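Peer 1: Sharing a structure here in structure tokens format.
The values are calculated or read from the model by the stated rules, or taken from the named source; none is laboratory data. None of the values given here were measured: they were computed from a predicted structure. Methodologically, a virtual Cβ is constructed for each residue, glycine included, from the backbone with ideal geometry; neighbour enumeration extends over all protein chains shown. Just so you know, the surface numbers come from the protein's heavy atoms only, side chains and all, with ligands and any DNA or RNA stripped out. Shrake-Rupley method; radii C 1.70, N 1.55, O 1.52, S 1.80 Å.
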Amino acid sequence: MSTLDSVWYTRCPAPTPLSIAHQLGWVDRQFQASGISVRSIRDSKDPAVRQSHFTHALDYSFRQGGNIPPIWARAGGRKTRVVGITTTDEFQAIIALPSSGIARGADLKGRRIGVPRKPQEKIVDFQRATALKGIVSALSLEGLSHADVELVHLDSAEATLIERGNAAFLGLKRRYPYGDELLALARGDIDAFFVKGAEGVVLANQIGAVVVSEFGFHPDPKIRINNGTPRPLTVDARFLDEHFDLVADLVATVGRVAAWAEENPHDAVRFIANEIGLGEDAIRAANGPDVHRHLTLSLDDEQIAAFDHFKQFLLEWDFIPADFDISGWIDRGPLEAANRRAAA
């Protein structure tokens, strides 16, 4: 077993218990008790380190956020494990301008739907995959498929930028999504496009959009699963194999957030808003007034089945290089150990 002096972590700008545990200082304190420092992948000055936010290439690292990058990394051979899953449903919709004449999902037949694309992207083009899954879900609710619409690819040469404070962000934390789609809509090149989350709610509000189809809270998990639903907590296999107790401690620490959020709902929403970089009203609009009650870390069979369905979607659309066994990717050991400790 190796001696650890530091670990790496990263999280997406989204509602996750890992983000809240980090903002509360719990994650740092947990590892500091073992003499280990916690380093942020996103804040690193080394581009190769920052890429691990998507590639999960660093040993002794953990991540919670969108599920497309970790699925892609695992399909490409990176040895990681899912040790917990959080399902926080969010606004997902196809939107159009009132002048388009598109009022409901069935009206999308024969129309042009924008899909962002980065042809030169070296990592998985998760924004394109996210949009396509949303489009396919919306169309399926009307008995339609992608063949019934015109998918208009909106190509961008900009690489995926993840470092905070990049000059291109104009002082904000990150690039907000849907810029290419909004410009294409304004030019009249497309009739509709997919949005999700708090950013999607704000944009739809800003342009007075028609919500053509909304399915982020659909009862069928196969409809609503996408990059942000659910969000896995992943660790690299070496970290888990060599330092099981540390990973179990991490899962326990992140798992405590659910009870804390129940007792501190306003603070929970404030932390989520801070992570995403938008107002608290946008968080409640996108994730529901009870978002603080949906920060549980678990490994439910329904969550895993939804993951498997989404993996098949990514495979069919050539976003991942190979198939793999989802059940073999899940390791229940740390969560079970954390639950036993909590019960004791």
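Peer 1: Can you list the aspartates and glutamates whose alpha carbon sits under 14 Å from that of LYS118, skipping same-chain ones fewer than 8 residues off?
Peer 2: In chain and number order, the partners are ASP155, GLU158, ASP180, GLU181.
Peer 1: What is the gain in length, in nm to one decimal, between ARG187 and ASP290 on full extension, counting 0.36 nm per residue of separation less the C-alpha to C-alpha distance?
Peer 2: Difference between extended and current length: 33.3 nm.
Peer 1: Setting aside same-chain residues fewer than 8 positions from LYS222, which aspartates and glutamates have a Cα under 17 Å from its Cα?
Peer 2: Straight-line reach from LYS222, under 17 Å: ASP89, GLU90, GLU142, GLU214, ASP300, ASP301, GLU302, ASP308, GLU316.
Peer 1: Next question, about the same structure. Just to confirm a number: summing +1 for Lys and Arg and -1 for Asp and Glu over residues other than ARG128 whose beta-carbon lies under 12 angstrom from that of ARG128, what do you get?
Peer 2: Here the count lands on -3.
Peer 1: Classify region 151-278 as rounded, prolate or oblate, taking a ≥ b ≥ c as the square roots of the eigenvalues of its Cα gyration tensor: rounded when a/c is under 1.5, otherwise prolate if a/b is larger than b/c and oblate if not.
Peer 2: Prolate is the answer for region 151-278, as a/c is 1.5 or above and a/b outweighs b/c.
Peer 1: Just the accessible area for HIS243, please: 1.4 Å probe, Å², rounded to the nearest 10?
Peer 2: Counting only protein heavy atoms, HIS243 exposes about 20 Å² to solvent.
Peer 1: Here's something else I'd like to know. To the nearest 500 deg cm²/dmol, what mean residue ellipticity at 222 nm is calculated for the chain from DSSP H runs of n ≥ 4 alone, each contributing -39,500 (n - 2.57), summed and divided by the residues?
Peer 2: So the calculated ellipticity at 222 nm is -12000 deg cm²/dmol.
Peer 1: Kirkwood hydrodynamic radius of the chain from all distinct Cα pairs, in Å?
Peer 2: By the Kirkwood definition, the hydrodynamic radius is 20.6 Å.
Peer 1: By accessible area of protein heavy atoms, probe 1.4 Å, what ranking do ARG187, ARG238, ARG224, ARG111 get, highest first?
Peer 2: Result, largest first: ARG187, ARG238, ARG111, ARG224.
Peer 1: Taking R0 as 51 Å, what FRET efficiency do you get between ASP245 and LEU141 from their Cβ-Cβ distance, rounded to the nearest 0.05?
Peer 2: 0.65
Peer 1: Excluding same-chain residues fewer than 8 positions from LYS122, which lysines have a Cα within less than 20 Å of its Cα?
Peer 2: LYS45, LYS79, LYS311
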